[in-house]
Amino acid sequence: MSRAPFELALLNGSHDRSTFNSGSVQLDRYLREQVSQDVRRRVAACFVATTDGKRIAGYYTLASASLLLSQLPPGTGKKLPRYPTVPTIRMGRLAVDQDFTGQGLGGALLADALGRAAGSEIAAFAMMVNAKDEAAVAFYRHHGFIALPDSPLTLFLPLATVQGQAR
Ligand SMILES: CC(C)(COP(=O)(O)OP(=O)(O)OC[C@H]1O[C@@H](n2cnc3c(N)ncnc32)[C@H](O)[C@@H]1OP(=O)(O)O)[C@@H](O)C(=O)NCCC(=O)NCCS
């Protein structure tokens, strides 16, 4: 994967959220109208990639979450303690501006998110994502994510498999 010359940072007031256009109205509106409130309330952290410190080329959000042990595929669940829930980190949103797609930025943002999650001192078994459609499912499967048997738009990747890439 090629690494484009993007700067990654936590979203702050110097970033311009107004022109972001990923082709998904919901993901664009979330960045423009809701993310700051979610960050203030500590229900999401938002990381952005910029080319010049201002214009946002892509973003993702992370928050802690959990999965029911019973939601995992039997082979995965069997290896875990019998607690009802399994700790995870959810990448709630991931989007790249259409001017910057196809340059490796989506993959780089995903790798950055996985690195943060796997490198954290606070344990989580997996990263999980809720894909918005079949194309997003294909993107995550391409990167090794596994769909939940009863909820195919929810996918997970055990963080033990990315420990080597930790930041
Ligand atoms: C999906 C999205 C994040 C991909 O971003 P991108 O910058 O174009 O992706 P990249 O150029 O980094 O591609 C990384 C890899 O994923 C692959 N890929 C990209 N889109 C894919 C798809 N829909 N299905 C399968 N693989 C895909 C690329 O071929 C590339 O593979 P490689 O690393 O083996 O060469 C971007 O198109 C987007 O923001 N779409 C709208 C929002 C969205 O669907 N978000 C997903 C979360 S719900």
Lysines near residue 132 by alpha-carbon distance under 28 Å, same-chain residues fewer than 8 away left out - which ones? 54
Going by alpha carbons, how many degrees (0 to 90, nearest 10) lie between the helix axis of 105-119 and the longest principal axis of the chain? 50 degrees
What value in Å³ per residue do you get for the convex hull of the alpha-carbon atoms in segment 1-99? 139 Å³
dims of the chain, Cα set, principal axes, largest to smallest, nearest Å -> 47, 32, 30
Rounded to the nearest whole Å³, what is the per residue volume of the convex hull around the Cα atoms of segment 119-164? 78 Å³
What relative contact order, as a whole-number percentage, does the chain give when Cα pairs under 8 Å and 6 or more residues apart are counted? 20 percent
Under a plain spin-label model, where a point goes 7 Å from the Cα along Cα-to-Cβ, how far apart in nm are residue 42 and residue 68? 2.9 nm
Which whole-Hz couplings ³J(HN,Hα) result when phi for each residue of segment 125-134 is put into the Karplus expression 6.51 cos²θ - 1.76 cosθ + 1.60, θ = phi - 60°, listed in order with x for Gly and Pro? 6, 8, 8, 10, 9, 10, 6, 7, 7, 5
Consider just the alpha-carbon atoms of segment 7-60 and return their Rg together with their Dmax, both in angstrom. 10.3, 28
Per DSSP helix of 4 or more residues, -39500 (n - 2.57); summed, then divided by the residues of the chain. What does that give at 222 nm, rounded to the nearest 500? -6000 deg cm²/dmol
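Every read-out reported here was derived from the displayed coordinates using simple, explicitly stated rules and does not represent laboratory data. Bear in mind that the values here come from a model prediction, so they are computed numbers and not experimental data. Because the Cβ atoms are built from the backbone with ideal geometry, glycine has one as well, and the counts that use them run over all protein chains shown.
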